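> Let me give you the structure first, and then I'll get to my questions.
What follows draws every value from the coordinates through simple rules; no lab data is involved. Values in this document were obtained by computation on a predicted structure and should not be read as measured data. Glycine also receives a Cβ, built like all others from the backbone with ideal geometry; neighbour counts cover every protein chain displayed.
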């Protein structure tokens, strides 16, 4: 990953070397941006990053014009990065997030699910006290780990009544080849200690699990057919689930509203689906990310529903607890 990011940075330097200088107003705005997000830059990178920031502001204006009035985009902690750098730092490959053969699975019956209908157009497990706070994976592509832990936290709270933040660092240190399959299998076989017993520090270290009570799952719950109707019923009747979705630059700059983008092609991220709703005649999923609360709607995004937006139907699943 380091080599990949270094190459992209070198490519950016070459691309921007001949670009026109930006105005002093943009430079001042960029300094405010760095201070707001506590970003430290080497002095030799400042001119390059200022030009990248200016280009991102132009792209944000374009996105706001394209998606007005139902989605908004704004500068955030990623705005000093090119989109290529953003993908290299935060996105994952499809094999990382979703591939692999599940063992000890329990299948949700799609045929029973599609026969049910609901009058309530809004479901949000946060309002029931079953979702932990938004976390921050830092500058590492561990979204899959955070998504799995998030849904296990929620399912355990639904089944056992206690909402316990679980340790992502344990999984980062102790599980190689981070996928939905390896993550759920580890939670089933070994169990997860509380976050406070094994705090996250955004780097991989030695596996050293402390002696503490662990949360375990019994199986992985999968869908016999991947449909959004079935996802809806699982969410309503059982609880949150993980999905792998494609991203694009609209995700990078997303600030609020319902994202209806259709051109999602670059890389995957693992996220947790924790609710659904409808606004302005548009159905949406409520998705919990792990990029901190400064991104999106307090760390969440509302994504258009019923149109497989950004390939959300790519192997949804969750933890099963009896």
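> Note down the nm distance, to one decimal, between modelled labels 7 Å out along Cα→Cβ at residue 68 and at residue 127.
Reported label-point gap for residue 68 and residue 127 is 3.1 nm.
> Say R0 is 56 Å: what FRET efficiency, to the nearest 0.05, do residue 58 and residue 163 get from their beta-carbon distance?
The calculated FRET efficiency here is 0.85.
> Now for a separate question. With a Förster radius of 30 Å, plug the Cβ-Cβ distance of residue 263 and residue 229 into 1/(1 + (r/R0)^6) and report the FRET value to the nearest 0.05.
According to the calculation, E is roughly 0.75.
> Still on this structure: Sorting check: for 274-287, 307-320, 199-212, 236-249, which peptide has the highest mean count of neighbouring beta carbons within 10 Å, and how do the rest follow?
236-249, 307-320, 274-287, 199-212
> Sticking with this one: What distance in nm separates the simple spin-label points at residue 176 and residue 293, each placed 7 Å from Cα in the Cβ direction?
Roughly 3.8 nm, to one decimal.
> If you don't mind, another one. Hey, with R₀ at 22 Å, roughly what FRET efficiency would residue 119 and residue 238 work out to, going by the Cβ-Cβ distance, to 0.05?
0.70
> Right, something else. Here are some values of Cα extents along the principal axes in Å: (1) 61, 50, 31; (2) 79, 64, 32; (3) 77, 45, 36. Which one was computed from this structure?
Working out Cα extents along the principal axes in Å from the coordinates points to (1).
> Highest mean first, what order results for 125-133, 216-224 on Cβ atoms within 10 Å?
Per-residue Cβ counts within 10 Å, averaged per peptide and sorted highest first, yield 216-224, 125-133.
> Right, next: Report the full-extension gain for the segment residue 29 to residue 43: residue separation times 0.36 nm, less the Cα-Cα distance, to one decimal in nm.
Length gained between residue 29 and residue 43: 3.4 nm.
> Let me ask something else about it. What do you get for the angle between helix 24-36 and the principal long axis of the chain? Use alpha-carbon atoms, 0 to 90 degrees, nearest ten.
Between helix and principal axis, roughly 30 degrees.
> Hey, what number do you get for the chain at 222 nm if only DSSP H runs of n ≥ 4 count, each worth -39500 (n - 2.57), divided across all residues, to the nearest 500?
Taken over the chain, the calculation gives -11000 deg cm²/dmol.
> Return one number: the angle in degrees, 0 to 90 and rounded to the nearest 10, between the long axis of the Cα atoms of helix 46-67 and the longest principal axis of the Cα atoms of the chain.
Computed tilt is about 60 degrees.
> Right, here's the next one. Counting alpha carbon pairs within less than 8 Å and at least 6 residues apart, what relative contact order, in whole percent, applies to the chain?
Dividing the mean separation by the residue count of the chain yields 22 percent.
> While we're on this one: Treating the angle as unsigned and between 0 and 90°, give the value, to the nearest 10°, between the Cα long axis of helix 143-160 and the longest Cα principal axis of the chain.
With rounding to tens, the tilt is 30 degrees.
> Normalised by the residues of region 203-322, what does the relative contact order come to in percent, with Cα pairs under 8 Å and at least six apart?
Relative contact order for region 203-322 comes out at 35 percent.
> Relative to the present Cα-Cα distance, how much length would full extension add between residue 201 and residue 322 at 0.36 nm per residue of separation?
Roughly 40.3 nm would be gained on extension.
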